[in-house]
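Right, one structure below, let's go through it.
The values are calculated or read from the model by the stated rules, or taken from the named source; none is laboratory data. What you see is a predicted model; the values in this text were computed from it and never measured. All Cβ positions, glycine included, derive from the backbone under ideal geometry; neighbour counts span all protein chains shown.
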Amino acid sequence: MNRLPFQLQAECPGTAARAGVFETLHGPVATPTFMPVGTRATVKAQLTETLENCGAQVLLANTYHLLLRPGPEVFERLGGIHRLMTWPRAVLTDSGGYQIFSLNRDRSMAEAGAVFKSNVDGRDLLLSPELSVATQLSIGSDILMALDQCIPSTADHAAAEEALLRTQRWAVRSLEARGEALPAMFGIVQGALFPDLRRRSAEGLTELPFDGFALGGLAVGESRGEREEVCEFAAPLLPRLKPRYLMGVGTPLDLLEAVHRGLDMFDCIMPTQVAQRGGAFTSRGFLQLRRGVYRYAEEGLDPACGCPTCRRYSRAYLSHLIKSKETLGWQLLGQHNLYFYQQLMRDIRASILDGSFPTLYRERRAYLHAPDLDHPTDPKGHLPKKTGLARSLGAYEVHRSAAGFSSIRHCASGELMHSRTPPLTEAQRLYIEQSDLQNRLGTGTEPLVIWDVGLGGAANAMSAIACYENLTPPASRPLQIVSFENDLDPLRLALSHHDEFPYLRHGGPVALLRSGSWQSKKFPGLSWKLVEGDFLRTAPETQEAPDIVFYDFFSPRSVSEPWGLAAFEILRVACKGRPVEIFTYSCSTAVRAAMLGAGFYVAHGRGCGEKSETTIALTPEAAAGTRHRLLDGAWLGRWHRSGARLPLDLGPEALGEFGAKITGHPQFA
């Protein structure tokens with residue numbers, strides 16, 4: 001019996017995004033879809049008419065809470081949840097597995113089920129697979145969930161395996177309990193953060209006659225990057241022609257990333273939860289209406305939104321309601337957030353159907369859940385207080401520019417990683433475009449190796465990863481990124497503030513910090529490796545010789561050794577006679593002289609930020625026929641007149657010998 005006919009309508013080339021439609025007992029559901037959470041047969045502070053008008057197709061209700069109150073007998077007598085709450089569309093019921101996790105102090109586990117103490121009347125209650133399914137049938141759900149044992153995603157391997165095996169056994173019992181009843185049922189893949197367990201769980205469940213499958217045990221302790229890694233790995237393990245549901249996730253950005261990785265269905269309390277605290281998701285970033293900057297703001301909440309809240313009420317009024325703790329403020333912001341989520345799902349679906357999802361994905365990532373783009377700082381230039389996160393770590397701190405973007409600042413020197421230009425903008429312009437990375441990845445089959453020298457906040461490496469992942473058609477050659485760094489605090493600090501560094505919302509940086517390497521599961525040819533320590537000592541020992549080098553240390557004012565003649569001689573040897581291009585933001589005469597003295601050819605790089613130009617160095621093997629404009633006799637004349645003719649690690653006594661090396665360089669012949 002096919003209880004949930006599913007039609008896959010489109011798949012996006014270059015991503016795992018997909019659009020489809022499935023038929024429930026209460027009508028069709030187009031995917032991707034977001035399900036508002038009506039835990040107790042109500043979405044908090046919202047009318048069912050609001051949910052219909054915003055476009056919600058499925059509501060989620062919770063079996064555990066509805067079992068306690070009003071109880072199965074009420075649903076059976078009154079004709080189910082649809083009649084009780086006057087909701088005409090589909091309902092999915094959670095099995096109670098999340099309560100097994102969240103109420104762990106008030107329950108005990110056994111093979112028969114989980115024993116809870118009711119918070120309504122104090123009686124002990126055994127929530128078994130059989131009772132969970134019977135309750136869901138009484139509720140009248142369109143989609144039932146098999147009872148699972150959810151545990152923290154950070155659990156150790158042994159605990160995760162034990163919960164997985166119990167979930168498998170309960171899955172069989174759940175199907176038996178449903179019997180020949182008409183509602184569909186989903187199985188839930190568990191396994192914490194362990195790929196072997198996720199694969200084992202998926203393989204076991206997909207042998208059973210479930211109508212769809214869910215990824216459970218996420219958003220319960222892991223980082224966003226770790227969650228995205230699991231989604232990227234586990235989604236392809238699920239049947240292509242059945243719906244895939246990511247449980248309990250999350251922000252608009254989480255949904256976009258999950259669709260990108262092949263998931264179809266989502267639920268979360270966040271739209272109404274953040275509304276209660278004064279938060280709104282908008283096309284201008286994430287707004288916190290408690291901020292004083294909105295006291296006199298007459299404009300609507302989101303100029304791009306046509307919901308009733310945005311059409312009628314000003315930010316000033318909404319701010320007043322929230323500060324006054326008026327329920328209406330919560331209701332109006334929640335209404336907007338639900339409209340925003342549903343519109344996002346419609347836009348994503350339309351882009352998958354017309355083939356423009358990669359473009360939408362890049363554009364929406366730039367602002368979804370970003371700090372307020374209209375008012376990134378308060379009138380005194382400060383970020384909102386009480387973020388709960390330290391804005392400094394070791395020798396570094398997060399700096400918010402007047403232009404509204406964040407970067408990492410070295411406290412002692414005051415130097416910023418990206419002072420005038422957002423990190424990804426600079427990385428794209430200076431490193432990705434100048435190296436012609438997109439075209440180089442699209443031709444040939446040999447691995448392309450990038451040395452990312454000076455990892456910092458990982459903007460350069462992440463730009464290269466994004467270039468690889470977004471290529472259409474996909475890259476034809478593997479990409480290996482080798483990042484060199486002796487202090488990982490900048491990356492740790494940026495990751496802890498990923499709302500300000502949205503490019504780090506990816507599984508790669510987390511894995512790199514945790515294990516020193518990352519291998520993309522979606523793109524087998526894409527890998528990333530960390531080499532810790534002093535670059536000048538680790539470079540000669542690194543096995544992977546580079547094709548491209550991103551040379552991005554702090555400036556010579558802060559650290560001189562990497563910019564001297566000896567450093568570039570070491571780099572030249574590490575290139576192993578290969579055609580290598582080196583890109584750096586410096587255009588210092590002394591730095592260019594050091595490169596020439598080490599045997600590189602040197603070319604003009606494009607301007608970036610406050611610099612009118614930057615620098616490109618090439619090994620002799622790469623210089624022949626280069627497309628880059630080499631320094632010529634005019635530069636050599638300026639060098640002769642310069643007061644900075646020598647590399648930083650040479651004294652005046654070396655000028656004669658070094659000068660002869662520069663003037664005799666083949667580049668100026």
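Residues that are of a type outside the set (Asp, Glu), touching an Asp or Glu at 6+ places or on another chain (Cβ under 7 Å) and modelled with pLDDT of 95 or more: does segment 623-641 have at least one? Even if it seems obvious, please write down each step before you answer.
Step one: list which residues in segment 623-641 are of a type outside the set (Asp, Glu), which gives 623-631, 633-641.
So of that shortlist, the ones also touching an Asp or Glu at 6+ places or on another chain (Cβ under 7 Å) come out as none.
Checking segment 623-641: not a single residue is of a type outside the set (Asp, Glu), touching an Asp or Glu at 6+ places or on another chain (Cβ under 7 Å) and modelled with pLDDT of 95 or more.
Elements of the type strands (runs of 3 or more DSSP E) sitting completely within segment 578-631 and holding at least 1 residues that are of a type in the set (S, T, N, Q): these cover 581-584, 614-618.
Hey, any hits in segment 187-202 for a residue that's among the basic types (Lys, Arg) and over 34 Å from the mean Cα position of the chain (by Cα)? Break it down into steps so the answer makes sense when it comes.
Taking segment 187-202 as the starting set, the residues that turn out to be among the basic types (Lys, Arg) are 198-200.
Now drop any that are not over 34 Å from the mean Cα position of the chain (by Cα), which leaves none.
So far as segment 187-202 goes, no, none of its residues is among the basic types (Lys, Arg) and over 34 Å from the mean Cα position of the chain (by Cα).
When residues in segment 631-669 are screened for being of a type outside the set (Phe, Trp, Tyr), without any contact (Cβ under 8 Å) to a residue 60 or more places away in the chain and closer than 18 Å to CYS587 by Cα, 14 of them pass.
Among the residues of segment 1-17, count how many are in a strand (DSSP E or B) and small (Gly, Ala, Ser). Please lay out each step first, then the result.
In the first step, residues of segment 1-17 are kept if they are in a strand (DSSP E or B); the result is 6-11.
When the remaining residues are screened for being small (Gly, Ala, Ser), the result is 10.
Within segment 1-17, residues that are in a strand (DSSP E or B) and small (Gly, Ala, Ser) number 1.
Looking at segment 593-612, I want the residues that are modelled with pLDDT under 95 and have a partner that is crowded, with 17+ Cβ neighbours inside 10 Å and in a helix (DSSP H, G or I) with Cβ atoms under 6 Å, at least 6 apart or on another chain. Which pairs are those? That search, which allows pairs on different chains as well, returns CYS608/GLU426; CYS608/ARG429; CYS608/LEU430.
Scanning segment 393-404 for residues that are outside any strand (DSSP E or B) and touching a residue at least 60 places away in the same chain (Cβ under 8 Å) turns up GLY394, ALA395. The condition (being surrounded by fewer than 21 Cβ atoms within 10 Å (Cβ to Cβ), of a type outside the set (Lys, Arg), part of a helix (DSSP H, G or I) and in contact with a helix residue (DSSP H, G or I) (Cβ under 9 Å, 6 or more places away or on another chain)) is satisfied by just one residue among THR86, THR39, THR50: THR50.
Of all residues in segment 478-501 being touching a helix residue (DSSP H, G or I) at 6+ places or on another chain (Cβ under 6 Å) and not aliphatic (A, V, I, L, M), which is nearest to PHE233 (Cα to Cα)? This residue is HIS498. Which residue out of ALA316, ALA304, ALA350 is outside the structural domain of VAL58 (by TED's automatic domain parsing), at pLDDT below 95 and not hydroxyl-bearing (Ser, Thr, Tyr)? None of the others qualify; the one that does is ALA304.
With respect to (1) free of Cβ contacts under 8 Å to residues at least 12 places away in the same chain; (2) under 30 Å from PRO13 (Cβ atoms); (3) surrounded by fewer than 21 Cβ atoms within 10 Å (Cβ to Cβ), the lone exception for LYS521 is condition (1).
Within segment 486-499, how many residues turn out to be over 12 Å from the mean Cα position of the chain (by Cα) and at pLDDT below 90? Working first, answer last.
At the first step, the residues of segment 486-499 found to be over 12 Å from the mean Cα position of the chain (by Cα) are 486-494, 496-497.
From what is left, the residues that are at pLDDT below 90 are 496-497.
Final tally of qualifying residues: 2.
Can you name the residue in segment 541-563 that is farther than 30 Å from GLY444 by Cβ and small (Gly, Ala, Ser) and is also surrounded by the most Cβ atoms within 10 Å (Cβ to Cβ) among such residues? The selected residue is SER560. Annotation note: Cβ proximity below 8 Å between a residue of segment 455-467 that is touching a residue at least 60 places away in the same chain (Cβ under 8 Å) and a residue that is of a type in the set (Asp, Glu) and in a helix (DSSP H, G or I) (sequence gap 6+ or interchain) occurs for no pair.
For the subset of segment 632-652 comprising residues that are assigned to a helix (DSSP H, G or I) and among the charged types (D, E, K, R), which member is surrounded by the fewest Cβ atoms within 10 Å (Cβ to Cβ)? If we take residues in segment 632-652 being assigned to a helix (DSSP H, G or I) and among the charged types (D, E, K, R), then ARG641 is surrounded by the fewest Cβ atoms within 10 Å (Cβ to Cβ).
Here are some residues: ARG40, ARG18, ARG69. Which one is basic (Lys, Arg), assigned by TED's automatic domain parsing to the domain that holds ALA235 and either within 23 Å of LEU333 (Cβ to Cβ) or free of Cβ contacts under 8 Å to residues at least 40 places away in the same chain (or both)?
Numbers: ARG18 fails: either within 23 Å of LEU333 (Cβ to Cβ) or free of Cβ contacts under 8 Å to residues at least 40 places away in the same chain (or both); ARG69 fails: either within 23 Å of LEU333 (Cβ to Cβ) or free of Cβ contacts under 8 Å to residues at least 40 places away in the same chain (or both).
Result: ARG40 is the single residue among ARG40, ARG18, ARG69 that is basic (Lys, Arg), assigned by TED's automatic domain parsing to the domain that holds ALA235 and either within 23 Å of LEU333 (Cβ to Cβ) or free of Cβ contacts under 8 Å to residues at least 40 places away in the same chain (or both).
Among the residues of segment 483-501, which ones are crowded, with 24+ Cβ neighbours inside 10 Å and either among the aliphatic types (A, V, I, L, M) or farther than 21 Å from ILE450 by Cα (or both)? Matches in segment 483-501: LEU491, ALA494, PHE501. Quick one: is ALA623 buried (at least 17 other Cβ atoms within 10 Å of the Cβ) and free of Cβ contacts under 8 Å to residues at least 40 places away in the same chain? Against the criterion (buried (at least 17 other Cβ atoms within 10 Å of the Cβ) and free of Cβ contacts under 8 Å to residues at least 40 places away in the same chain), ALA623 does not qualify. Before we move on, is GLY113 touching a Ser or Thr at 6+ places or on another chain (Cβ under 6 Å), assigned by TED's automatic domain parsing to the domain that holds PHE186, crowded, with 16+ Cβ neighbours inside 10 Å and under 24 Å from LEU215 (Cβ atoms)? In short, yes. If the condition is being among the hydrophobic types (A, V, I, L, M, F, W, C), buried (at least 23 other Cβ atoms within 10 Å of the Cβ) and touching a residue at least 40 places away in the same chain (Cβ under 8 Å), then segment 211-224 contributes ALA214, LEU215, LEU218. Put simply, of THR63, THR31 the only residue that is in the same structural domain as LEU246 (by TED's automatic domain parsing) and either under 29 Å from the mean Cα position of the chain (by Cα) or surrounded by fewer than 22 Cβ atoms within 10 Å (Cβ to Cβ) (or both) is THR31. The conditions of being closer than 30 Å to SER515 by Cβ and either surrounded by fewer than 24 Cβ atoms within 10 Å (Cβ to Cβ) or modelled with pLDDT of 95 or more (or both) are met by ALA202.
Scanning segment 291-324 for residues that are of a type in the set (D, E, K, R), farther than 27 Å from ALA56 by Cβ and either surrounded by 15 or more Cβ atoms within 10 Å (Cβ to Cβ) or free of Cβ contacts under 8 Å to residues at least 12 places away in the same chain (or both) yields ARG291, LYS323.
Condition check: at pLDDT below 80 and in contact with a strand residue (DSSP E or B) (Cβ under 6 Å, 6 or more places away or on another chain). Does ILE143 satisfy that? Criteria not met by ILE143. Filtering ARG277, ARG290, ARG261, ARG244 for residues that are over 30 Å from GLN99 (Cα atoms) and not aromatic (Phe, Trp, Tyr) leaves a single hit, ARG290.
For (1) out of contact with any Leu (no Cβ under 7 Å at 6 or more places or on another chain); (2) farther than 26 Å from LEU504 by Cα, each residue gets a yes or a no:
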| site | (1), (2) |
| --- | --- |
| GLY262 | yes, no |
| GLY285 | no, no |
| ALA297 | yes, yes |
| TYR317 | yes, yes |
| GLN331 | yes, yes |
| ASN337 | yes, no |
